[in-house]
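The values are calculated or read from the model by the stated rules, or taken from the named source; none is laboratory data. Since we're looking at a predicted model, the values are computed, not measured. Cβ placement follows ideal geometry from the backbone for every residue including glycine, while neighbour counts extend to all protein chains displayed. SASA here: full protein model, heavy atoms, side chains in, ligands and nucleic acids out. Shrake-Rupley method; radii C 1.70, N 1.55, O 1.52, S 1.80 Å.
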Amino acid sequence: IALGAGLSIGDAPVPIDAATLRGFDLVVLDERAWRALGAGRKATLRDALRDGLGVLLRVTAPLSAADRRELSELGFTVDAADIAQTVSLPSARFSAASRAKNDPSTAADEERALLLSRQPLRVAAADALALLRDDAGAPLASWRSVGQGRLGLWWLGDTHRLVLAGESAAHGQLSSEAFATLARHHGREFVHLSVTPE
């Protein structure tokens, strides 16, 4: 947390090196943090991925040509697509009771789906599996094996709105299922690292 005048409080940044990454089972980052890693730390992360680390890359904004090229090297072909940018999830349906808690005027409405945003992307990989789908069955996240590890790509946004709508269990289920699928498995609770841009 920046306090001003060059002062900040919080944990020291975690070094992205081979020794550190061996202590984690999953790394979660977005495209800004990915770019901030630089070539050397990206190579270290890719090596750790091939050795069994799980990596989840959240796409929260348009990708650059360099981003798409690097994802292609990791087996994902990602292109911009002219598709709807709002979606609903099978697990994101919320009841009149939970909506009324946040907006009493909706108490009499029928059950409906909460709309979330997605990046308008078309993602392909010959061996990828869907990690998450929308109500219509279109993927919103996919993963593939890279060496002994698993790389996930997630292009659904603003899932925090589930919590605001009283659906914290649905929000937790999304993260739990994704983390359990991607994380390094060795018979114990997994440890994950969230990387933020420096």
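Can you name every residue in the range 32-84 that is over 25 Å from Arg122 (Cβ atoms) and of a type in the set (Gly, Ala, Ser)?
Answer for the range 32-84, where residues must be over 25 Å from Arg122 (Cβ atoms) and of a type in the set (Gly, Ala, Ser): Ala36, Gly38, Ala39, Gly40, Ala43, Ala48, Gly52.
Could you count how many residues in the range 35-59 are touching a residue at least 60 places away in the same chain (Cβ under 8 Å) and closer than 14 Å to Gly152 by Cβ?
8
So which residues in the range 111-152 are open to solvent by 60 Å² or more (accessible area, probe 1.4 Å), closer than 21 Å to Ala84 by Cα and in contact with a helix residue (DSSP H, G or I) (Cβ under 9 Å, 6 or more places away or on another chain), if there are any at all?
Arg112, Leu115, Arg133, Asp135
Which pairs turn up if I take residues in the range 1-27 that are in contact (Cβ under 8 Å) with a residue 40 or more places away in the chain and look for partners that are among the aromatic types (Phe, Trp, Tyr) and surrounded by 12 or more Cβ atoms within 10 Å (Cβ to Cβ) with beta carbon separation below 8 Å, at least 6 apart in sequence or on another chain?
As it stands, the answer is Asp25/Phe190; Leu26/Phe179; Leu26/Phe190, since those pairs meet every condition given.
Look at the range 54-82 and say how many of its residues are outside any helix (DSSP H, G or I) and either open to solvent by 60 Å² or more (accessible area, probe 1.4 Å) or at negative phi (or both).
19
If I go through the range 9-44 residue by residue, how many of them are part of a loop (DSSP other than H, G, I, E, B), open to solvent by 60 Å² or more (accessible area, probe 1.4 Å) and aliphatic (A, V, I, L, M)?
Residues flagged as part of a loop (DSSP other than H, G, I, E, B), open to solvent by 60 Å² or more (accessible area, probe 1.4 Å) and aliphatic (A, V, I, L, M) within the range 9-44 amount to 3.
Could you say whether any residue in the range 21-34 is over 18 Å from the mean Cα position of the chain (by Cα) and farther than 25 Å from Ser176 by Cβ?
no
Kindly indicate whether Ala141 is at pLDDT below 85 and among the aliphatic types (A, V, I, L, M).
Here the answer is no, as Ala141 does not meet what is asked.
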